[in-house]
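**Q** The structure is given below, and queries will be raised subsequently.
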Amino acid sequence: MNDPLRTALAELLDGLPPTEVAAAVDRLIANYRGATPTHAPILRDRADVAAYAAYRMPATFEAVRSALEAFAETVPGWTPGSHVDVGGGTGAATWAVTTTWPGERSVTVLDWAEPALALGRQIAAANPSLEKARWQRARIGADLTLDATDLVTVSYVLNELSAADRTALVDAAAGAARTVVIVEAGTPAGYDRVIEARDRLVRAGFRIAAPCPHSAACPIVPGTDWCHFSARVGRSSLHRQVKGGSLAYEDEKFSYVAATLLPAEPAPARVVRRPQIRKGQVLLDLCEAEEQLRRTTVTKRHGDLYKAARDADWGDTWPPYGSVS
């Protein structure tokens with residue numbers, strides 16, 4: 001995780017009773033795992049926001065950063081001059097954007113939970129790139145309007161909305177942005193929400209830049225599997241205490257789509273499962289530009305590609321950018 005963000009979170013949570021934060025985390029887990037969309041902010045007060053910062057912000061940051069880096073590979077040399085984070089809460093996605101593309105830009109964070117915005121504004125003081133960010137309260141739904149911007153991010157928000165509000169949000173993003181990046185939980189339901197948004201963005205004229213190597217229909221047969229990826233999240237001592245874990249890390253599973261109006265070069269193929277390394281060979285499950293899923297075997301006979309395959313990770317492009325197939 002970004003060191004200034006880690007430091008800001010540690011200072012924020014310093015002195016808070018872990019039992020109080022843990023109780024708020026339990027409430028958040030129950031809300032986030034609920035099957036019914038909420039009609040009120042999940043983050044209601046300072047305790048909830050502190051719990052979110054401890055429980056979810058590091059994982060959200062890493063998932064969004066992973067999605068943005070995959071997109072950035074497809075548009076080398078491009079940097080967004082403006083960014084709107086819809087439902088951004090405490091601002092994890094804004095930190096991920098400044099990590100991917102350092103420097104100042106126009107930033108607006110929209111959320112309907114004032115306590116989350118207040119905390120996000122407080123944490124952002126540690127990030128020079130966010131000094132001029134605007135933190136605005138807004139109802140995320142059918143009445144949402146967005147100003148024109150280079151980049152819109154929507155992370156872990158669609159699960160909180162009704163179907164009608166999800167549609168309105170995606171349409172508003174498509175009407176305002178040159179690039180839209182949507183991240184959801186790496187569950188079958190999260191994948192379904194991402195695919196729903198993906199299809200709507202394609203119909204609006206956007207091209208899929210990542211993770212898919214094409215803008216055609218997803219080759220996964222509905223109900224048989226789902227497309228998701230994993231980001232490694234370092235745990236602070238409080239993070240481990242709040243989540244009841246002993247490991248120094250956890251793996252955040254997420255689904256995402258990055259769609260753009262920019263000239264982009266999607267990956268020839270993408271690794272969609274953890275590579276299986278065996279003696280003298282690596283098995284890669286790929287989603288390919290030919291709109292199909294395929295397993296390929298890379299052996300020592302493939303020379304440098306074999307070395308690349310041994311280093312390949314879930315979610316990587318294949319072959320790696322700059323390599324020779």
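**Q** As a footprinting exposure proxy, order L151, L144 by other Cβ within 10 Å, with the fewest listed first. Kindly include the intermediate steps, with their values, before the conclusion.
**A** Working: L151 27, L144 18.
Lowest to highest Cβ neighbour count: L144, L151.
**Q** Right, something else. Using modelled backbone amide H atoms (1.01 Å from N, in-plane), which distant-in-sequence or interchain residues come within less than 5 Å of A209's amide H?
**A** A258, A259, T260
**Q** Rounded, prolate or oblate: which fits the stretch 89-156, taking a ≥ b ≥ c as square roots of the Cα gyration tensor eigenvalues, rounded meaning a/c under 1.5, else prolate when a/b beats b/c? Write out the running numbers ahead of the final one.
**A** Values: a/c = 1.90, a/b = 1.29, b/c = 1.48.
Oblate shape, in that a/c is at least 1.5 and b/c is the bigger or equal ratio.
**Q** Right, something else. Starting from the stretch 41-137, pick out the trypsin sites (Lys or Arg not before Pro) whose DSSP state is loop and whose Cβ has at most 14 other Cβ atoms within 10 Å. Intermediate results must be reported in sequence, preceding the final value.
**A** On the way: sites: R44, R46, R56, R65, R105, R121, K132, R134, R137; in loops: R44, R56, R105, K132.
Loop-located and lightly packed - K132.
**Q** In nm, give the distance between the simple-model label positions of E131 and A189, each being 7 Å from the Cα along the Cα-to-Cβ direction.
**A** 4.3 nm
**Q** Run the numbers for T145 and R203: contour at 0.36 nm per residue of separation, minus the present Cα-Cα distance, in nm.
**A** Working: separation 58, 0.36 × 58 = 20.88 nm, distance 1.97 nm.
Extra length available between T145 and R203 comes to 18.9 nm.
**Q** Given points 7 Å out from each Cα along the Cα-Cβ axis, report the D313 to T167 separation in nanometres with one decimal.
**A** 3.9 nm
**Q** So what are the ³J(HN,Hα) numbers for the stretch 260-268, from phi and the Karplus equation (6.51, -1.76, 1.60; θ = phi - 60°), rounded to whole Hz, Gly and Pro as x?
**A** Whole-Hz 3J(HN,Hα) from phi for the stretch 260-268: 8, 9, 6, x, 10, 10, x, 4, x.
**Q** A further question on this structure: Can you tell me the relative contact order of the stretch 126-279? Whole percent, Cα pairs under 8 Å, sequence separation 6 or more.
**A** On the way: 225 pairs, mean separation 38.7, N = 154.
This gives 25 percent for the stretch 126-279.
**Q** Can I ask one more? Counting other Cβ atoms within 10 Å, which GluC sites (Glu not before Pro) in the stretch 135-206 have at most 16 and lie in a DSSP loop? Don't skip to the end; give the middle numbers.
**A** Working: sites: E160, E184, E196; in loops: none.
Filter output for the stretch 135-206: empty list.
**Q** Based on the Cβ-Cβ distance from D304 to T79, what FRET efficiency comes out when R0 is 30 Å, to the nearest 0.05? Each step should come with its number before you reach the end.
**A** Details: r = 31 Å, r/R0 = 1.03.
Once rounded, the FRET efficiency stands at 0.45.
**Q** Would you grab the residues whose amide H sits under 5 Å from the one on G89? Only those 5+ places off in sequence or on another chain, please, with H modelled 1.01 Å from N.
**A** none
**Q** Ordered by residue, what ³J(HN,Hα) values in Hz, to whole numbers, does the stretch 137-149 give under the Karplus form 6.51 cos²θ - 1.76 cosθ + 1.60, where θ = phi - 60° and Gly and Pro are x?
**A** So the Karplus estimates, Gly and Pro as x, are 7, 7, 7, 8, x, 5, 8, 5, 10, 10, 6, 4, 7 Hz.
**Q** Next up: GluC sites (Glu not before Pro), restricted to the stretch 53-152: which are DSSP loop and have at most 14 other Cβ atoms within 10 Å? Provide the component values of the computation, followed by the final result.
**A** Values: sites: E62, E69, E73, E104, E131; in loops: E104, E131.
Hits after loop and neighbour filter: E104, E131.
**Q** Another question, if that's okay. So if each residue of separation counts as 0.36 nm, and I subtract the Cα-Cα distance between L261 and A289, what length gain in nm does that give? Display every interim value, and only then the final one.
**A** Details: separation 28, 0.36 × 28 = 10.08 nm, distance 1.86 nm.
Working it through step by step, the gained length comes to 8.2 nm.
**Q** Here is a further query. For the stretch 269-311, just say rounded, prolate or oblate: build the C-alpha gyration tensor, square-root its eigenvalues into a ≥ b ≥ c, call rounded for a/c under 1.5, and beyond that prolate if a/b exceeds b/c, oblate if not. Show your work: numbers first, answer last.
**A** Numbers: a/c = 2.29, a/b = 1.79, b/c = 1.28.
In terms of gyration-tensor shape, prolate.
**Q** Under 5 Å between amide H atoms, partner at least 5 residues away or on a different chain: which partners does W135 have, H built in plane at 1.01 Å?
**A** Result for W135 returns V109.
**Q** Where the convex hull is taken over the Cα atoms of the stretch 68-111, what is its projected area averaged over directions, in nm²?
**A** Numbers: hull surface 11.9 nm².
For the Cα atoms of the stretch 68-111, the hull's average projected area reads 3.0 nm².
Values in this text are rule-based calculations from the coordinates and carry no lab data. Please read all numbers here as calculations on a predicted model, not as lab measurements. For neighbour counting, all protein chains shown are included, and Cβ atoms are generated from backbone atoms with ideal geometry for every residue, glycine included.
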